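To start, the structure itself, in structure tokens.
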Amino acid sequence: MRIFDPHIHMTSRTTDDYQRMADSGVRAVVEPAFWLGQPRTGPGSFTDYFDSIIGWEPFRASQFGIRHHATIALNPKEANDPRCRPVLDLLPRYLAKDGVVAVGEIGYDSMTPAEDEAFAAQLALALDHELPALVHTPHRDKARGLQRSLDVVKESGIDPGRVALDHLNEVTVAAAKDAGVWLGFSIYPDTKMSPDRMVAILREYGPERVLVNSAADWGKSDPLLTVRTAEAMAKDGFSEDDVDRVLWRNPVEFYAQSGRLDLSDVTDTGATFAGNSILRGGS
Amino acid sequence: MTTLDDLRTTLAGNERLTEDLDRVREKPEAVGGLFPAAGRRYGREPLTDGWTTDEAARALLLAGSPTEEVLNAYRYGDTAEKLAVLKALPLLPIGDDGVPLLEDALRTNDTRLVAAALGPYADRLEPDAWRQAVLKCVFMGVPLAGVHRLHERADAPLKDMLRAFAAEREAAGREVPLDARNLLDETQEA
Ligand SMILES: [Zn+2]
């Protein structure tokens, strides 16, 4: 079984997680730029974070044979802080990177005018840089947030086939599917979405354009819930091909639209394994 | 050693690069968008002397840019871009202005960046910083074969540091990398 986790915040995870992921068949991940829990206060801490998810984190992942790509954006929550917004001007530098396969996470948190502006501006950047867009849908006021996100996507002129709406659930999936966007589902330990509920949604809506992710981060989350979902699919009678489609080929197809997804060598980035100070305890 | 003129000759037929170099001459800040996209725009084929097309194109883009843009290319670079800047440094007319970039690379824990910081431009590193960098290579398992002018520059203080490192490893029942052992033997004879 090969697993591609299309949304996971590895910056917040330990080397034990990497090891368990690698042992369970996770061979590629995409790390979207998002909130860090502690609010940032200026563009400098964003750029250091971006540098980390396009530099250090792919190096760390490579030592476990996992291919790491990133998405870059100003997240909706921090788009509300005027001290952070100047980072929008620095995004083009990062959106030009080989390892950046989408603009994201963009979208809504509290649906403020500042979020409207940042969302629209970054969809325009996705068009400029010929990148797909990863859209976070709000956890509160979800149905309204979804509708408004779909409206903004439509208005931007981006092809809905180049947009993924994430954190969907039973209530929001139908409208997203009708709009022609990719359907992202984040599987969490006890709230929001579980492997069994995910399987029921796959039964009802089919595996087309479905992306299953762990969205694991610094909160209560589990990087192996992609694997658990694959197992739940198999147990429910989905074919091996369906499982591969949802957990590997779909995310590959979505991010390959960037023209930058590189899975040619998932085990070797050219750095020496022997020189690996993470596995050996630091230098 | 490969020169900028060698790289220019090799890539003379790359029309897209030729156009982009003209653009950068007119508008230096354009390099910020072109430098990261080098592999996608100009190709990644291996050339002679251990260069690839994207690395060579990046060196030429930097050669046509003011120092500030060279520093920015590194500052905002991903690992491949930072490696390309480090590789280009000895060819660029920037004097000592690139030394802080070596120092930055040597502070990382990425073996590729540490190795790349010890090319010919490392001649401009202060002896203390250079010795620490060599020791860091040994520590991280970066082969010493890639360190520019290693045998000429290895001096008594480096020998002392290596000997202490070897003693510590031996006390812990761990191996001393062969290249470090050889360097130690060789400097002891000298
Ligand atoms: Zn997320």
Which of the following residues is crowded, with 21+ Cβ neighbours inside 10 Å and touching a Pro at 6+ places or on another chain (Cβ under 8 Å): A:L247, A:L211?
A:L211
For the range A:77-110, how many residues are more than 14 Å from chain B (Cβ to nearest Cβ), in contact with a Lys or Arg (Cβ under 9 Å, 6 or more places away or on another chain) and either acidic (D, E) or assigned to a loop (DSSP other than H, G, I, E, B) (or both)?
7
When the range A:119-145 is checked residue by residue, the ones that are more than 16 Å from the ligand (Cβ to nearest atom) and modelled with pLDDT of 95 or more are A:A120, A:A121, A:L123, A:A124, A:L125, A:A126, A:L127, A:D128, A:H129, A:E130, A:L131
Hey, can you tell me all the residues within the range A:93-113 that are small (G, A, S) and crowded, with 17+ Cβ neighbours inside 10 Å?
A:A96, A:G99, A:A102, A:G104, A:G107
When you scan the range B:29-47, do you find a residue that is under 15 Å from the mean Cα position of the chain (by Cα) and within 25 Å of A:G259 (Cβ to Cβ), even just one?
no
Return the residues of the range A:71-107 that are of a type in the set (G, A, S) and more than 12 Å from the ligand (Cβ to nearest atom); say none if nothing qualifies.
A:A79, A:A96, A:G99, A:A102
So, in the range A:25-70, how many residues would count as being more than 16 Å from the ligand (Cβ to nearest atom) and among the hydrophobic types (A, V, I, L, M, F, W, C)?
8
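Yes/no matrix, rows are residues, columns are (1) within 14 Å of chain A (Cβ to nearest Cβ); (2) assigned to a helix (DSSP H, G or I); (3) in contact with a strand residue (DSSP E or B) (Cβ under 8 Å, 6 or more places away or on another chain):
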| position | (1), (2), (3) |
| --- | --- |
| B:V134 | yes, yes, no |
| B:C137 | yes, yes, no |
| B:H148 | no, no, no |
| B:L158 | no, yes, no |
| B:A164 | no, yes, no |
| B:D179 | yes, yes, no |
Looking only at residues that are within 16 Å of the ligand (Cβ to nearest atom) and closer than 18 Å to A:W248 by Cα in the range A:213-234, which one is farthest from the other protein chains (Cβ to nearest Cβ)?
A:L225
Here are B:A115, B:A145: which of them is crowded, with 19+ Cβ neighbours inside 10 Å and touching a residue at least 24 places away in the same chain (Cβ under 8 Å)?
B:A115
Report, by residue number, each residue of the range A:1-20 that is in a loop (DSSP other than H, G, I, E, B) and within 16 Å of the ligand (Cβ to nearest atom).
A:P6, A:H7, A:I8, A:H9, A:R13
Filter the range A:32-73 for residues that are acidic (D, E) and either out of contact with any Ser or Thr (no Cβ under 8 Å at 6 or more places or on another chain) or without any contact (Cβ under 8 Å) to a residue 12 or more places away in the chain (or both); which is farthest from the other protein chains (Cβ to nearest Cβ)?
A:D48
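Out of the range B:108-132, which residues are more than 13 Å from every other protein chain (Cβ to nearest Cβ) and of a type in the set (D, E, K, R)?
Matches in the range B:108-132: B:D123, B:R124, B:E126, B:D128, B:R131.
When the range A:29-61 is examined, which residues are found to be hydroxyl-bearing (S, T, Y) and either in a loop (DSSP other than H, G, I, E, B) or modelled with pLDDT under 95 (or both)? Talk me through it step by step, then tell me what you get.
Kept after step one, since they are hydroxyl-bearing (S, T, Y), are these residues of the range A:29-61: A:41, A:45, A:47, A:49, A:52.
A:T41 - this is the single residue of the range A:29-61 that is hydroxyl-bearing (S, T, Y) and either in a loop (DSSP other than H, G, I, E, B) or modelled with pLDDT under 95 (or both).
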Sole exception among (1) modelled with pLDDT of 95 or more; (2) closer than 26 Å to A:L91 by Cα; (3) not hydrophobic (A, V, I, L, M, F, W, C) for B:G95, by number:
(2)
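I'd like to verify a number: residues in the range A:186-200 that are small (G, A, S) and either within 14 Å of another protein chain (Cβ to nearest Cβ) or away from the ligand (no atom under 16 Å from the Cβ) (or both), how many? Write out each step before concluding.
Just the residues of the range A:186-200 that are small (G, A, S), to begin with: A:186, A:194, A:200.
Among the residues that remain, those that are also either within 14 Å of another protein chain (Cβ to nearest Cβ) or away from the ligand (no atom under 16 Å from the Cβ) (or both) are: A:194, A:200.
Residues flagged as small (G, A, S) and either within 14 Å of another protein chain (Cβ to nearest Cβ) or away from the ligand (no atom under 16 Å from the Cβ) (or both) within the range A:186-200 amount to 2.
The values are calculated or read from the model by the stated rules, or taken from the named source; none is laboratory data. Worth saying up front: this structure is predicted, and the values here are computed from it rather than measured. Note: ideal-geometry Cβ built from the backbone for every residue, glycine included; neighbour counts use all protein chains shown.
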